[in-house]
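The values are calculated or read from the model by the stated rules, or taken from the named source; none is laboratory data. Owing to the predicted nature of the structure, the values given are computational and were not obtained by experimental measurement. Ideal geometry is used to build each Cβ from the backbone, glycine not excepted, and the neighbour counts take in all protein chains shown.
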Amino acid sequence: KQEVTQIPAALSVPEGENLVLNCSFTDSAIYNLQWFRQDPGKGLTSLLLIQSSQREQTSGRLNASLDKSSGRSTLYIAASQPGDSATYLCAVRPSGGYNKLIFGAGTRLAVHP
Amino acid sequence: DTAVSQTPKYLVTQMGNDKSIKCEQNLGHDTMYWYKQDSKKFLKIMFSYNNKELIINETVPNRFSPKSPDKAHLNLHINSLELGDSAVYFCASSQAQGRRETQYFGPGTRLLVL
């Protein structure tokens, strides 16, 4: 059974720091891995989607890496800003079958000025 | 334009009542989903419909009945509400079942059962 774990559960950093959020999954049979952002009281916004054949994806100050064989992904946020404060969720799509996402519990990030 | 919308945004109700949550997407997608986010913030899939046909049912109590009148709508009806049903329910949609398809989420419906 696929399980997704995110570490740390919460993180508080001063503005400007570079930071790394971690995601691990127990079954390497995945089609892709996605990172989402969830703001309080809002829905989820997809940040990056990495296919199982890819090693990393970049969007602006965000860079996500994937090591499928070891069951790990990291989300790197460069030069953090207060506007980055949110919960970041990692989700994997298992191989085979229908499109369903298995989520981690998220990392709650607070970036203070 | 709102891509995936849900109504209502908030729902407070008594135990034992029956309630419905509506979801609509204007993205032209073929597949829609319901997820539940519990108090520990875990998001878990409940149902998925592809072209109005049920394709995923993740061991959800049969008090929950999804209904898809057309490809753009997926509603969730809950009978005999229980305290444990209190959660945030998210609707999502995707173009199809391909490996590269991302899911687009609605803003969520916050359900509180008293």
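Report every pair of residues separated by at least 6 positions or lying on different chains whose Cβ atoms are under 6 Å apart, first residue within the range B:3-19 and under 16 Å from residue B:86 (Cα atoms) and in contact (Cβ under 8 Å) with a residue 12 or more places away in the chain, second small (Gly, Ala, Ser) and assigned to a loop (DSSP other than H, G, I, E, B).
If the second residue must be small (Gly, Ala, Ser) and assigned to a loop (DSSP other than H, G, I, E, B), the pairs left are B:16/B:80.
Quick one: would you say residue B:80 is over 24 Å from residue A:91 (Cα atoms), more than 10 Å from chain A (Cβ to nearest Cβ) and in a loop (DSSP other than H, G, I, E, B)?
Yes, satisfied.
Take the residues in the range B:50-77 that are surrounded by fewer than 16 Cβ atoms within 10 Å (Cβ to Cβ) and part of a strand (DSSP E or B); name whichever of them is modelled with the highest pLDDT.
Per the stated criteria, the residue is B:77.
Kindly provide the set of residues from the range B:78-102 that are within 23 Å of residue B:10 (Cα to Cα) and either modelled with pLDDT under 90 or of a type in the set (Ser, Thr, Tyr) (or both), ordered by number.
Matches in the range B:78-102: B:80, B:86, B:89, B:93.
In the range A:72-110, how many are within 12 Å of chain B (Cβ to nearest Cβ) and hydroxyl-bearing (Ser, Thr, Tyr)?
Number of matching residues: 5.
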